[in-house]
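Student: To start, I am sharing the structure in question, which I have written as C-alpha cells.
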Amino acid sequence: MPKIGRRAVLAAPFAFSIVRSRAEAAEFVFKYGNNVPETYPLNVRVGQAADRIRTTTNGRFDLQIFPAGQLGTDTDMLSQVRSGAIDFYTASGLVLSTLVPLTAINALGFGFTDYSQVWPAMDGKLGAVIRSRIDGAGLHAMEKIFDIGFREVSSSTHPITDAESFKGFKIRIPPSQLGVSMFKALGAAPATLNFAEAYTALQTHVVDGQENPLSIIDTAKFSEVQKYVSMTNHMWDGYWLLCNGRAWKSLPADIQAVVSKELNQAAEEDRQDIAALDASLKSKLESQGMQFNTPDPAPFRSILKQSGFYEQWRKTFGDEAWAVLESYAGRLT
C-alpha cells in the first residue's frame, strides 16, 4: 500500500484546478504558494515541471500549486514556509531580505546593467553566496532563480533622461531601505506606499511616478495615469524558489535530484518567457500612448558613488559578497 504524504492533509479543498487531485496516491505531497496569477510564466512553467516530476518519480512526489495569493500575502507565506505550514514559496530578493539581508544585493541600484551580467552572477558565485545565507536561515533555495525583471520608471510629468530629471521627482516605491536610500541619493522624493495604493496616488498626483517591471506597469494599468516610461533598469530582482529546510531534507536523494532538475529547468524556461513578454509589452504600452526612452546609466552610478550610497551598502552586505558582485557588475566603490 502506498504511504500517504505527511502533508496530504493540508491540501485545501477550495484550491483552483491547478492543484492536482492525485495527492492520496503520492508518497510526498508538497504545497507551493506564490502571489502571481495562474497564467503567469512562473506558474505555467512550474506546473509543467510538476507534471514531469510526477511522471519521473512514478507518482511518488506531488507538487500542489496555489497561485495568486491563495495562501496569503508574501509576509504570510514567508512565515508559513519557515514554519513548515507550506513546503515551497517563491520570494523576491527584496522581500526575502527582511529575513536574509544579503538577498537584496541583486537589486542594488544601477548595479547590473543588463542580463549579460545578471545571469552569470546569479547562476555563478554570487548566487551561490546568497543561497548559502538562505540555507543558514533554515530554507533551501533552488539553484536557478526565476526572472521578475528590471525595474523601470514611469511618470506623468516628464521622462527621466538624466540625473537632473530626478530632482524633486515624487516617486512611489515599495517599502525598502535600499530603494529609499537610492532615490534620495539621486535627489528624488520617494514615498513608500503599499502597491494597492499606487494607482490612486498616481491618479491624484500625490506622486509623479512609480517604478516597476513592464509586466507590472501593464497589469496595473498604469498607462491610464502615466505618460512616460524610462528604461532605467535601475534594479533587477528575481524569485527564489524556496523549500522548507526540514521538508527538503526529508526527501530521498533520488527525489531531491528529480525535483531540483525539473524546477531549475522551469526557471530557465521562465527567463525566456519573461524576455519575450517584455518585448511584446513595450509595443503594447506604446499603443496605449506611453512614450519610451532609454537613459545612460553611467551618470546615475556616478552620483550614487559620490553620495556614499555604494559604500553604505558595501558595509551592509559585507566585503566578501561585495567583491563577488563587483566581479560581475564592475567596480562600484
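Student: Need one number: nm distance between label points at V206 and T75, each 7 Å from Cα along Cα→Cβ, rounded to one decimal.
Tutor: For V206 paired with T75, the spin-label model returns 1.7 nm.
Student: Now for a different question. Please list, in chain and number order, the residues 5+ apart from V29 or on another chain whose amide H is under 5 Å from its amide H, with Hs placed from the backbone.
Tutor: Residues meeting the amide H criterion: G5, R6, R7, A8, D62.
Student: Related question: When a/c is below 1.5 the answer is rounded, else prolate if a/b is larger than b/c, else oblate, so apply that to the range 50-126 with a ≥ b ≥ c taken from the square roots of the Cα gyration tensor eigenvalues. Working shown, then result.
Tutor: Details: a/c = 2.66, a/b = 1.45, b/c = 1.83.
Oblate, because a/c is 1.5 or more while a/b does not exceed b/c.
Student: I would also like to ask the following. Report Rg(Cα)/(2.2 N^0.38 Å) for the range 112-264, keeping two decimals.
Tutor: That works out to 1.26 for the range 112-264.
Student: OK, next. Among the aspartates and glutamates, which have Cα under 14 Å from the Cα of K144 when same-chain residues fewer than 8 positions away are ignored?
Tutor: Straight-line reach from K144, under 14 Å: D123, D237, E262, E268, E269, D270.
Student: On to the next question. Which shape class applies to the chain: rounded if a/c is under 1.5, otherwise prolate when a/b exceeds b/c and oblate if not, where a ≥ b ≥ c are the square roots of the Cα gyration tensor eigenvalues?
Tutor: prolate
Student: Please tell me the relative contact order of the chain in percent, rounded to the nearest whole number, where contacts are Cα pairs under 8 Å and at least six residues apart.
Tutor: Working: 585 pairs, mean separation 73.0, N = 333.
Over the chain, the number comes to 22 percent.
Student: May I ask for the net charge around L285, where only other residues with Cβ less than 12 Å from the Cβ of L285 are counted and Lys, Arg are +1 while Asp, Glu are -1? Show your work: numbers first, answer last.
Tutor: On the way: positive: K221, K227, K282, K284; negative: E152, D218, E224, D278, E286.
Cβ neighbours under 12 Å give a net charge of -1.
Student: Provide the net charge surrounding G127, with neighbours chosen by a C-beta distance below 12 Å and charges set as Lys +1, Arg +1, Asp -1, Glu -1. The partial results should precede the final answer.
Tutor: Numbers: positive: K125, R131, R133, K144; negative: D123, E143.
That works out to +2.
Student: Next up: Considering every pair of different Cα atoms, what Kirkwood radius, in Å, is found for the range 91-136?
Tutor: Over the range 91-136, the inverse of the mean reciprocal pair distance is 10.8 Å.
Student: Report the local net charge at A68: Lys and Arg +1, Asp and Glu -1, summed over other residues whose C-beta lies under 13 Å from its C-beta.
Tutor: So the surrounding residues net to -2.
Student: Is the shape of the range 191-333 best called rounded, prolate or oblate, per the rule: a/c under 1.5 gives rounded, else a/b larger than b/c gives prolate, else oblate, with a ≥ b ≥ c the square roots of the Cα gyration tensor eigenvalues?
Tutor: oblate
Student: Cα-Cα over 26 Å: which of K170/K315; K249/K315; K125/K261; K170/K227?
Tutor: From K170/K315; K249/K315; K125/K261; K170/K227, over 26 Å: K170/K315; K249/K315.
Student: Past 28 Å, Cα to Cα, is the threshold; run K31/K221; K167/K221; K221/K305 against it and keep the listed order. Show your work: numbers first, answer last.
Tutor: Numbers: K31/K221 31 Å; K167/K221 26 Å; K221/K305 34 Å.
Among K31/K221; K167/K221; K221/K305, the Cα-Cα distance tops 28 Å for K31/K221; K221/K305.
Student: Starting from the Cα of E143, step 7 Å along the direction of its Cβ; do the same at T98; then give the gap between the two resulting points in nm.
Tutor: 3.1
Student: Roughly how tilted is helix 253-287, in degrees to the nearest 10 and between 0 and 90, from the longest Cα axis of the chain?
Tutor: Around 30 degrees separate the two axes.
Since every read-out is calculated from the coordinates, none of them should be taken as a lab result. Predicted model, so just to flag it, every value in this text is computed and none were measured. Cβ sites come from the backbone with ideal geometry, for glycine too, and all protein chains shown count toward neighbours.
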